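Asks: After the C-alpha cells below, expect a handful of questions from me.
The values are calculated or read from the model by the stated rules, or taken from the named source; none is laboratory data. Only a predicted model underlies this, so the values are computations on that prediction, with no experimental measurement involved. Backbone-built Cβ (ideal geometry, glycine too); neighbour counts: all protein chains shown. Just the protein is used for accessible areas: all its heavy atoms, side chains included, with ligands, DNA and RNA removed. Shrake-Rupley method; radii C 1.70, N 1.55, O 1.52, S 1.80 Å.
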Amino acid sequence: MPLALLALAVSAFGIGTTEFVMMGLLPNVADDLGTSVPTAGHLVSAYAIGVVVGAPLLTAVGSRIPRKRMLLLLMALFTVGNLASALAPGFGWLLGGRFLAGLPHGAFFGVGAVVAARLVSEGRRARAVATMFLGLTVANIVGVPAATLLGQHLGWRATFLVVAAIGLCAMAALARLVPQVPVDAHQRLGREVRALGNRQVLLGLLTAVFGFAGVFAVYSYLSSMTTEVMGFGESTVTLVLALFGIGMTLGALAAGPLTDRALRPTLYGSLGALAVVLVVFPYAVHVRWAALVMVVLLGGVGFMTTTPLQMLVMNKAKDAPTLASASNHSAFNLANAGGAWLGGVAITAGWGWTSPALVGAALAVAGLAVAVTAGLLDRDGRGVSRIVAGAGAGAGAGAGTSAGTDPRPELSEAGADAR
C-alpha cells in the first residue's frame with residue numbers, strides 16, 4: 001500500500017478522536033462551564049450538524065480545487081476548529097468550535113476516499129479506502145480513551161489542544177506523502193449534483209442512514225449499559241469503549257478484501273449480522289464475558305457496513321463520485337443522531353437500558369431491506385467503477401485510465417456482485 005494512505009489514516013485518526021471524545025468528556029465540560037450534562041450533550045449534536053452541513057457544502061465549494069490542496073485546506077479547518085474549542089471562553093463559543101471542527105469531516109473523507117482509490121490498482125480500491133478508515137477505528141482504541149483520560153486529569157481544553165496538534169501533524173504528512181491528484185478535466189459541480197441524484201446513490205445513502213443508526217442506538221448508551229446492566233465499575237467504561245474500537249478495526253480489516261471480492265453480498269451479510277448481534281445483545285449483556293464479546297462483535301459487524309457503502313455510492317456516481325462520497329458521511333452522521341435519539345426514546349419510555357439494542361435491530365433490518373431493494377432494482381449490467389478517471393495519481397496501475405474507457409469491466413462493482 002502507498003505511504004500516502006498512511007497520511008490519510010493519520011488524518012482520519014485525528015478526526016475520529018475529536019468526533020467521539022466528547023461523549024466521554026461531557027461531565028467534565030458541564031462542570032467546568034456550569035451547565036447540565038444533557039445541555040452539554042448539544043456539543044455532540046453540534047459536531048454532527050457540522051458534518052451534515054459541511055460535507056456537501058465544502059465539497060461543492062472545492063469542486064475545482066486539486067485534491068491534495070483540498071485535503072490540506074480541510075485539515076487546516078479541522079485544526080482551527082479544535083483550537084477554537086480549546087480556547088472557547090464559554091459554552092456558546094465551544095458550541096461554535098465543535099460545529100467548525102465538524103464542517104470538514106465529511107468532505108475530507110469524501111475527497112480522501114477518491115484519492116485513496118486512485119492510488120492503487122482497480123482490484124484493491126476497497127482495501128485502500130478501508131486502510132484510510134483504519135485511522136478512524138484506531139482512534140476508538142487508542143485516541144478516544146487516551147484523550148478522555150487526558151481531559152479528566154488535565155482538563156478538557158488540553159484534549160482539544162492535543163487534537164489540534166494531531167491536525168498539524170496530519171497536514172505535514174499530507175503535504176509530504178500524498179501525490180498531486182489534479183481535478184479531472186470533465187469534472188463540474190453540475191455533474192457531481194446530477195450524480196448525487198442517481199437512484200442507486202440515493203438508496204445507498206438511505207441504507208447508511210437506517211443501517212448505521214442501529215449501531216449508534218446502542219453505542220450512544222454503551223457507557224451507561226456498562227455500569228447499569230453489565231455490572232462493571234466506571235473505571236471499566238474506557239476498556240469497554242476500547243473493545244468496541246477493536247471490533248471496529250477488525251471489521252474494517254475484513255471489509256476491504258471482502259468488498260473488493262463481492263460488494264453487495266458483503267453489504268447484505270454485514271447488515272444481516274448486525275441485526276442478529278443486536279437481537280442477541282440484550283440477553284448476552286447480563287453475563288460479563290458474553291457482554292464483552294458482544295461489544296467487540298457490535299463494533300466489528302457495524303463497521304463492516306461502512307466500506308461497501310462507501311464504495312457503492314462512489315461506483316454508482318461513476319465519473320463524479322466526490323460529492324456522493326462526502327454525502328455518505330452526512331448520511332452516517334444522520335444515522336448517529338437518529339439512532340441515539342430513538343435509543344433514548346426507548347429508554348425514556350421505560351423499556352430498560354438494553355432496549356436500544358432492539359430498536360437498533362429494527363433499524364438494521366430496515367437498512368438491509370433498502371439495500372436488497374436497491375440490488376433488485378439495479379439493472380446496470382456493465383456498471384463500471386470510474387473513480388480512477390484522469391491522470392496524476394502516480395501510483396496505481398489503473399490511475400491513468402480515462403472515464404468511460406476502463407478496459408477491465410470484469411472488475412467493476414457489478415461484476416463483483418455477480419461473484
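Asks: Can you tell me the convex hull volume per residue for segment 93-161, based on C-alpha atoms, in Å³ to the nearest whole number?
Replies: Hull volume over Cα atoms, normalised by residue count, gives 87 Å³.
Asks: Considering only protein heavy atoms, with the full assembly of protein chains and a 1.4 angstrom probe, order L243, L43 by accessible area, largest first.
Replies: From most exposed to least exposed: L243, L43.
Asks: Sticking with this one: So if R0 is 45 Å, what FRET efficiency would S36 and L376 give, r being the distance between their Cβ atoms, rounded to the nearest 0.05? If you can, show how the numbers build up before the last one.
Replies: On the way: r = 48 Å, r/R0 = 1.06.
Using R0 = 45 Å, I get an efficiency of 0.40.
Asks: Can you give the Kirkwood hydrodynamic radius of segment 49-183 from its Cα pairs, in Å with one decimal? Numbers along the way, then the final one.
Replies: Details: mean 1/r = 0.0637 Å⁻¹.
Answer for segment 49-183: a Kirkwood hydrodynamic radius of 15.7 Å.
Asks: Here's something else I'd like to know. Can you compute the helix-only [θ] at 222 nm over the chain? Use -39500 (n - 2.57) per DSSP H run of at least 4 residues, normalise by all residues, nearest 500 deg cm²/dmol. Walk me through the numbers before you get to the answer.
Replies: On the way: 18 runs with 316 residues, N = 419.
Dividing the helical sum by the residues of the chain leaves -25500 deg cm²/dmol.
Asks: Separate question: Which residue, I49, V237, A128, has the largest displacement toward the positive end of the dipole of the chain when charges sit on each Cβ (Lys, Arg +1; Asp, Glu -1)?
Replies: Most positive-ward Cα: A128.
Asks: On to the next question. In whole percent, and with a 1.4 Å probe on the protein chains, what portion of the accessible area of segment 233-336 is carbon and sulfur?
Replies: Accessible surface attributable to carbon and sulfur in segment 233-336 totals 74 percent.
Asks: Also, I was wondering about something else. When only alpha-carbon atoms are used, what values of Rg and Dmax, in angstrom, describe segment 225-301?
Replies: Over segment 225-301's Cα set, Rg and Dmax evaluate to 13.8, 43 Å.
Asks: Given the peptides 23-36, 286-299, arrange them by the average over their residues of other C-beta atoms within 10 Å, most packed first.
Replies: Going by the mean number of other Cβ atoms within 10 Å, highest first, we get 286-299, 23-36.
Asks: Mind ordering 256-263, 308-315 by average Cβ neighbours within 10 Å, highest first?
Replies: 308-315, 256-263
Asks: List, in order, the whole-Hz ³J(HN,Hα) value for each residue of segment 294-303 obtained from phi through the Karplus relation with A = 6.51, B = -1.76, C = 1.60 and θ = phi - 60°; use x for Gly and Pro.
Replies: These are the phi-based 3J(HN,Hα) values: 5, 5, 5, 4, 4, x, x, 5, x, 7 Hz.
Asks: Quick one: order F99, F332 from most to least accessible surface, probe 1.4 Å. Don't skip to the answer; put the middle values down first.
Replies: Values: F99 70, F332 15 Å².
If we order F99, F332 from most to least accessible, we get F99, F332.
Asks: Mind listing P(r) for segment 1-66? All alpha-carbon pairs, 5 Å bins, whole percents.
Replies: 4, 14, 15, 17, 18, 13, 9, 6, 3, 0
Asks: Which log10 I(q)/I(0) values does segment 1-117 give at q = 0.15, 0.19, 0.21 Å⁻¹ under the Debye formula, counting every alpha carbon as one identical point scatterer?
Replies: -0.65, -0.94, -1.09
Asks: Moving on to the next point. Per residue, what accessible area does the chain have, given a 1.4 Å probe and all protein chains present, in Å²?
Replies: Working: 15230 Å² over 419 residues.
Here the per-residue accessible area is 36 Å².
Asks: Whenever you get a sec, compute what percent of the accessible area on segment 76-120 sits on carbon and sulfur atoms (1.4 Å probe).
Replies: 86
Asks: Here's another thing I want to ask about it. Largest first, how would K318, K68 line up by accessible area (1.4 Å probe)?
Replies: K318, K68
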